[in-house]
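Asker: Please find one structure pasted underneath; my questions will follow.
What follows is calculated from the coordinates using simple rules that are stated; it is not laboratory data. Given the structure is predicted, the values throughout are model-derived calculations rather than measurements. For neighbour counting, all protein chains shown are included, and Cβ atoms are generated from backbone atoms with ideal geometry for every residue, glycine included.
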């Protein structure tokens, strides 16, 4: 395990940090990077004990900056010191990652040095705290639905990261727990394969040592995930507003012509906004603009046609407000369109 480093972010630890470090050393790991993320002075004794091991280095924040910043600090040290290593493994300081599982992740990293390896727990067991079980289920559903990432454990702290990804991950947004979520999204954007390694599900004292704040940190996580679709929602609002305006301007036309012209004109204008913001901000796509635009407008024409026919036929059958019908139709089309944009139009080459 000489070619793999261990990273342990820690805030106000106890004896379990010492247990983690000693178990890692016992399996032959020779470089352990511990980050004291602004712990109170009374906890210095635990960090001092780890420094007695030649394998350990302790980096210190003068105040608590969050787990994401602690990981970035360790990543930076790793790149400057151990850039020839295969990669690193992030491990929590509360001894809830069994040493056998850490070693299994190390073996997987050695075998698949271009993949992001996640140590994934089983959340269907009876001993899982309710807040952890619900948090994982909700985040898992959102990841799969909006990001196309199907994982059994989205919040695991046990991750094996190849060296070529470590430097890129330093630039990811997020200072606290949302950084780990954004790491998964970044891997998806860059077409990095995410591998799962099944690990033991250990919760010591009902996970009371965790510094994860369910309300604060979950909000940040979900906020980052929803950035994938916020621009599309905004484009839909622009499109809907323009459609309503054009319906008023063309009120003297017959129903079919009025809906057709309003749909085409509103979609052309809103799509220009949608394309450039999605390409450069949401999906961070660096592909040729011309090629990407051809794919985008191929999808846009199909979506526009479906929107037109959907609104027209439903309006004919129900005799209901056309703008309200268009809102319903476009919500359905949005869900499908988002998946296609993510997987085809703006997928990084």
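Asker: For the chain, take the longest principal axis of its alpha carbons; what is the angle in degrees between that and the long axis of helix 322-340, to the nearest 10 within 0 to 90?
Answerer: 40 degrees
Asker: Relative to the longest principal axis of the C-alpha atoms of the chain, give the angle of the C-alpha long axis of helix 255-277, reported between 0 and 90° and rounded to the nearest 10°.
Answerer: Helix 255-277 sits roughly 30 degrees off the main axis of the chain.
Asker: If you don't mind, there's one more thing I want to ask. What value, in deg cm²/dmol to 500, does the helix sum -39500 (n - 2.57) over DSSP H runs of n ≥ 4 give at 222 nm once divided by the residues of the chain?
Answerer: -17500 deg cm²/dmol
Asker: Considering only DSSP beta bridges with both partners in the chain, what is the antiparallel share in %, to the nearest 5? Show your work: numbers first, answer last.
Answerer: Working: 6 of 26 bridges.
Antiparallel bridges make up about 25 percent of those DSSP assigns within the chain.
Asker: Taking neighbour Cβ counts within 10 Å as the exposure measure, how do 311, 301 sort from fewest upward?
Answerer: Details: 311 25, 301 13.
Fewest to most other Cβ atoms nearby, the residues stand as 301, 311.
Asker: Right, next: Over all directions, average the projected area of the Cα convex hull of the chain and note it in nm². Don't skip to the end; give the middle numbers.
Answerer: Details: hull surface 81.4 nm².
Quarter of the Cα hull surface area: 20.3 nm².
Asker: Let me ask something additional. Quick check: the angle from helix 214-225's long axis to the longest principal axis of the chain, C-alpha only, nearest 10 degrees?
Answerer: 50 degrees
Asker: Only Cα pairs within less than 10 Å get springs; with that Gaussian network setup on the chain, which residue of 317, 33, 142 has the largest fluctuation?
Answerer: Highest fluctuation among the options: 317.
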